[in-house]
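The values are calculated or read from the model by the stated rules, or taken from the named source; none is laboratory data. Every value quoted in this text rests on a predicted model; they were computed, and no experiment measured them. Please note: Cβ atoms are built from the backbone with ideal geometry, for glycine as well, and neighbour counts cover all protein chains shown. We work out accessible area using only protein heavy atoms, side chains counted, and drop any ligands, DNA or RNA first. Shrake-Rupley method; radii C 1.70, N 1.55, O 1.52, S 1.80 Å.
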Amino acid sequence: MPADPAATSASLAAAHSLSRWTSLALPHFRTGQPEAQPDTTPAHGAGPLADACRLLSFPAGDPPADAAEAALRDRLLQAYDKPAWLADFDRFTTGFLAGERQLDFYSPLDDRRLPLRAALTKHRMQFLFLGEDRARVLVLLGPFPYGLYHPAEGLFLNLHTHREICRNVVHACLVEMLGQPERFHAWLQQGADPARRALVIGDMRPLHYYLQSLGALEALEAPVAAFAAAGHPVLTVADWCFIDPAKIFPALRTAKGKRLESRHLVGHQLRHGLSTFRLYRDTRHSSLDWADRLKLLAAPGTAEGDAAELRVLVSLDLEKALFLNQEAVLRAGLARLQAIAAATGRVLHLQWDGWTRAGEALCERGQRVVAEAEALSARLLATLPEDTRSTRLFGLTVEEKIPLALGADLALLRHGTAAMLPTSMLGIRTLAYHTPTMMRTPATARRGTHFVLPDEAVSFEHDPKLQDFVQPFTVEPEAFCAAIESVLGRSATPPRAGKAHWPRRKPA
């Protein structure tokens, strides 16, 4: 079917405007016109431009080529020095949420501040499009500056010491600018209006989501509530939100917004002309204080424990599978728990965990882990008496797990993100295991609920090619059983009202 002439004309007009702004030749833009088809002209488009882009990284030690670059280096290092930059970023955050019209950032190459035209959230990055007469793109990773892309000069000024994905970042930016010029041009025009601003909530990593996304929402609860009350949309990325933030923060329950999957996020922003900002991985706001609100998610009257049961949450290590002799050790530990239950006139009730669902459906990896969890839990359950009770938690959302797990007597798990539900959120006594290097600073665990195996009970071959949190290990079964008995004999320390119960990160 031939292209609609009117649509083609509008696309071409948008491409001409963007070409003038970026100084990129018209054939780079996909307009439907023969002279502007990257598919048929391999020298044009996002890929060739990203490949040809010059990467300059003064923070990584790149030497300036001449006096002009030496002056550029000095301006860059001064403007993006950590304290100076964070003050600038905080001004931007405050102004964005308050609806201030004039937001700007310093461009070392231009040696002046340039106005923000619009901001786009894409995967881990935030692309801030600056400049009225000439395009500059400031790329952020959370609160930290990643780089400055200068299309006209074919230059990417790297603002940190890592170079590995700089060209990928440039390519990700160019794909949106060049792929549908009419849509991008319209978005750029609309995004300049403060009324078109929106907040994005979500992080693809649960640990960062709990600590920094929800921690920031609590730290900035008043300005975020005012932003939502002013009618600005709040975009909740379902598969990046491991707890629905509206369940925790009342102001979000009545906010205008949309719950969408991450694969639709970029398209939604561009189609609706939304300039967005995401509260993302700002370690200065790392906190789990919001977790004290979670018990409110349990239905009124939910029992916090059954005296006739010994209820144990068992989180199976199947995603990373670092616990090499997990099945044998858990078999021994569950036999000991069964003996303790029988000796005290209780029935053992096992609650199996190992995967938390975000969004409406399990992702492909989640489906694999859940299938493995079903098989392993069935094998372990088959070694216990028939009256052993069993509840499946793996594959549920956090909101679904809370009323089921509330009041458990003990949790068994590999230390990491899995520790946050029983310790930080529900205050359950938890026996955690991992390599000794990982167990020394359990920053995600509530004090008084987190107990660990002694170092001598864990064996591992330290592989220098692997980070500490992915080192495989084995556990000595008898030490595991002894630790279970010890932890069951201790009481979880109740939280003190108004106090943090876990280690906080020091402010940056």
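Annotations
- Karplus (6.51, -1.76, 1.60) ³J(HN,Hα), θ = phi - 60°, over the range 384-394, in Hz, Gly and Pro reported as x: 10, x, 5, 7, 5, 8, 9, 10, 8, 9, 4
- From phi via Karplus (6.51, -1.76, 1.60), per-residue ³J(HN,Hα) for the range 201-216 in Hz, x at Gly/Pro: 10, x, 8, 6, 9, x, 4, 5, 4, 5, 6, 9, 5, 6, x, 5
- Estimated vicinal HN-Hα couplings, Hz - the range 46-51 in sequence order (Karplus 6.51, -1.76, 1.60; Gly, Pro = x): 4, x, x, 5, 5, 5
- Residue (of P233, S9, F460) at the positive-pole extreme of the chain, dipole from beta-carbon charges: P233
- For the range 101-151, the pair-distance distribution built from all alpha carbon pairs, in bins 5 Å wide starting at 0, is 5, 22, 34, 26, 12, 2 percent.
- Over 30 Å apart at the Cα level, from the set K82/K258; K122/K256; K401/K465; K295/K465, are K82/K258; K401/K465; K295/K465.
- Inter-part distance where the range 473-492 and the range 325-401 are each reduced to a Cα centre, Å: 18
- Shown is the FRET efficiency for R368 and A67, computed with R0 = 41 Å from the Cβ-Cβ distance and rounded to the nearest 0.05: 0.10.
- Share of carbon and sulfur in the accessible area of the chain stands at 54%, probe radius 1.4 Å.
- Computed FRET value (nearest 0.05) for R113 with H162, which takes r as the C-beta separation and R₀ as 30 Å: 0.70
- Solvent-accessible area per residue for the chain (1.4 angstrom probe, square angstrom): 43
- Once backbone amide H atoms are built at 1.01 Å from N, T356 has G395 as its partners under 5 Å, excluding neighbours fewer than 5 places away on the same chain.
- Cα-based helix-to-principal-axis angle, 181-191 vs the chain, degrees rounded to 10: 80
- Normalised by residue count, the chain yields a Cα convex hull volume of 177 Å³ per residue.
- Test item: Cα-centred dipole of the chain, Lys/Arg +1 and Asp/Glu -1 on Cβ, debye: 1020
- Taking amide hydrogens as placed 1.01 Å from N in the peptide plane, the amide H of K258 sits under 5 Å from those of V234, L235, T236, each at least 5 positions away in sequence or on another chain.
- Our summary of shape: the Cα atoms of the range 133-216 have principal axis extents of 39, 36, 21 Å, ordered from largest down, in whole angstrom.
- Once the Cα atoms are used to define both axes, helix 364-381 deviates from the longest principal axis of the chain by about 0 degrees.
- For the range 302-444, the dipole from Cβ point charges (+1 on Lys and Arg, -1 on Asp and Glu) about the Cα centre works out to 440 debye, to the nearest 20.
- When the inverse distances between all different Cα atoms of the range 354-432 are averaged and flipped, the Kirkwood radius reads 13.6 angstrom.
- Computed [θ] at 222 nm, helices only, for the chain once each DSSP H run of length n ≥ 4 contributes -39500 (n - 2.57): -10000 deg cm²/dmol
- The ratio of the alpha-carbon radius of gyration of the range 137-296 to the globular-protein estimate 2.2 N^0.38 Å is 1.10.
- Placed amide H near R117: partners under 5 Å, 5+ positions off or other chain: F129, L130, G131
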